[in-house]
């Protein structure tokens, strides 16, 4: 969706998709706007509660069945396990995605890791296809005039032109662009707190081969899961930047992460977006 500043500011129903790397402030803005007549569509929440709900629960139950006390209670239907994913707590989704590596350190074998990666990709595509429908639901069911699509950090990895076209047709796509200082901060934070990530399979295979070579490893079970995430994150970060820039050059507009961080209310958000359209 291409708009002029005047068209955007005068529109009675604003529809925006925020794009960018994890940690650049998309969800912070979404949470702020949620209190000011904006519907917050969290793609990660949709993935976890709609498309990966059963696999997530199956994973939790599999772990619980390894504990004899819990196993007996589950088999006798004395207890049940449910998801408690919220927009602010996506831990079950992250835990399911997992990390590749030594099972004694919580890692997954490569086959299972790739299976979960593929499930996540399919789920993200499906959740993005739901955007148009939720724009209508936000108004007709919930009464929200404005809609914010809080995309995941792996949006640029989908390689599905039809989905990207659909999102662009239905929303104004805004990319939160990082500076060199922002990049250094996000990479350093990822090193302190490594977490599960999505990787394109070709990228993953390439990076694993390089990691094996540098670390002198022979197979997946020798990988320290957290160490691999620390090592691979800078490569992933810089691989995603040109992909995001190519998307936004064709479909949308950019704002700086620093300017986005300074936004404290809906009016300032509208002004920032409007300025990006000039």
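We did not get these values from a lab; they are worked out from the coordinates using the rules stated. Since this is a predicted model, take the numbers as computed values, not measurements. Quick reminder, even Gly has a Cβ in these numbers, built from the backbone with ideal geometry, and neighbours come from all protein chains shown.
For this structure, a couple of remarks:
- The chain: most fluctuating residue of 111, 213, 76 per GNM, C-alpha cutoff 10 Å: 76
- Relative protection proxy for 48-57, 132-141, 100-109, from highest mean packing down: 48-57, 100-109, 132-141 (other beta-carbon atoms within 10 angstrom).
- Stretched out straight at 0.36 nm per residue, the stretch from residue 115 to residue 1 would grow longer than its current Cα-Cα span by 37.6 nm.
- The chain, helix-only ellipticity at 222 nm - DSSP H runs n ≥ 4, -39,500 (n - 2.57), divided by all residues, nearest 500: -17500 deg cm²/dmol
- Whole-Å semi-axes of the range 86-230's equivalent ellipsoid (Cα gyration tensor): 33, 17, 15
- Label zone at residue 82 (point 7 Å along Cα-to-Cβ), backbone N below 20 Å, the range 22-55: 45-55
- Förster-model FRET efficiency, 30 Å R0, residue 246 and residue 193, C-beta, rounded to 0.05: 0.55
- Point-to-point label distance, residue 70-residue 209, nm (Cα→Cβ direction, 7 Å offset): 3.9 nm
- The range 124-154 and the range 1-74 have Cα centres separated by 10 Å.
- When the chain is treated as a Gaussian network with alpha carbon springs shorter than 10 Å, the biggest mean-square fluctuation among 72, 227, 160 belongs to 72.
- Under the criterion of Cα pairs below 8 Å and six or more residues apart, the relative contact order for the range 13-273 equals 32 percent.
- Highest-MSF residue in the chain out of 24, 163, 43 [GNM, Cα springs under 10 Å]: 163
- With the cut-off at under 19 Å, measuring from each backbone N in the range 166-209 to a point 7 Å along the Cα-to-Cβ line of residue 262 picks out 175-183.
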